[in-house]
Amino acid sequence: MKATRHMKHLASSEFEAWAESYDRSLLNHFLFRPSYLAFIEEIVRWRGLDGEPFELLDIGCGTGTLAAMLMASSLPVRVVGLDYAESMAVVASRKAAGAHAADRARFTRADSEHLPFADGSFDVVTCSNSFHHYPHQQLCVNEMRRVLRPGGRLMLIDGFRDNVIGWVTFDLIIGAVEKEVHHASWSQFHTYFQEAGFQNIHRRKINILFPLLMTIGTA
Ligand SMILES: C[S@@+](CC[C@H](N)C(=O)[O-])C[C@H]1O[C@@H](n2cnc3c(N)ncnc32)[C@H](O)[C@@H]1O
């Protein structure tokens, strides 16, 4: 219990302080932006550009850049972004308002362990570069499954730590900088998704400067 509180406290103090300068970080080029592009590519491949309107929940949304990119695309999507750090949700809301997208994108402060939504509220749940901060990872995947409609998809991206470059980057370097974090392995992700009741689970490695792992499952 103490470890849980400490892990959340560390994440909260890191990201509350980072929100205003987050979009200028070099990590945006190397890690975050490639993740958003991978999500959009998957969504377009799955639903096409002119299919039925759909609702997407982005967990650990940071400053709402994925929502901004979706709003600028021609995808017929409404987005809810959720983040544990209040200041991230504030910056994200400001960005959506500035892009005149506030009617299609809204942001809230909440914990990925307790999603404040009814069962079956969304068609897609995304989560990028955030999952390693969650102390109860299985519980979070269960929650993501709960809020998806039947046939909806969870798309989750986090550091790929199953080769030498990934292990050094995520387990050693990011682990030392961010302290209490846990990057799940390729096989752990499969188990989390299976335990939560997802079908058609598939994973792919995204090869950029630092490798990422995307896991997708169908509810
Ligand atoms: C590195 S940022 C990633 C933001 C964005 N998804 C991206 O790929 O750029 C991690 C985000 O996860 C959020 N976060 C950490 N723990 C969380 C939790 N328990 N519930 C919801 N969000 C959390 C942080 O506040 C932070 O905004």
| Given 20 °C and 1.002 mPa s, how large is the Stokes-Einstein diffusion coefficient of the chain in µm²/s, with Rh as the Kirkwood radius over Cα pairs? | 124
| message | Skipping prolines and chain starts, which residues have an amide H placed within reach, meaning under 5 Å, of the one on residue 58, given they are 5 or more residues away or on another chain? | response | 80, 81, 82, 126
| Residues whose placed amide H lies under 5 Å from that of residue 129, excluding near-sequence neighbours | 157, 158
| Among 71, 177, 112, whose Cα lies farthest out toward the positive end of the dipole of the chain, if unit charges sit on the beta carbon of Lys, Arg (+1) and Asp, Glu (-1)? | 71
| remark: With +1 at each Lys and Arg Cβ and -1 at each Asp and Glu Cβ, the charge dipole magnitude of segment 2-218 around its Cα centre, to the nearest 20 debye, comes out at 160
| said: If you filter segment 138-219 for trypsin sites (Lys or Arg not before Pro), then keep DSSP loop positions with at most 14 other Cβ within 10 Å, what is left? | reply: 179
| Quick one: Karplus J couplings for segment 61-71, per residue in order, coefficients 6.51, -1.76, 1.60, θ = phi - 60°, nearest Hz, x for Gly and Pro? | 6, x, 8, x, 5, 4, 4, 4, 5, 5, 5
| Charge dipole (the chain, unit charges on Cβ, about Cα centre) - positive-most of 44, 148, 32 | 44
| request: For every helix of n ≥ 4 consecutive DSSP H residues, a contribution of -39,500 (n - 2.57) applies; sum these over the chain, divide by its total residues, and give [θ] at 222 nm rounded to the nearest 500 deg cm²/dmol. | output: -11000 deg cm²/dmol
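A short reminder: the numbers here are calculations on the coordinates, not readings from a lab. Since we're looking at a predicted model, the values are computed, not measured. Using ideal geometry, Cβ is built from the backbone for each residue, glycine included, and neighbour counts are taken over all protein chains shown.
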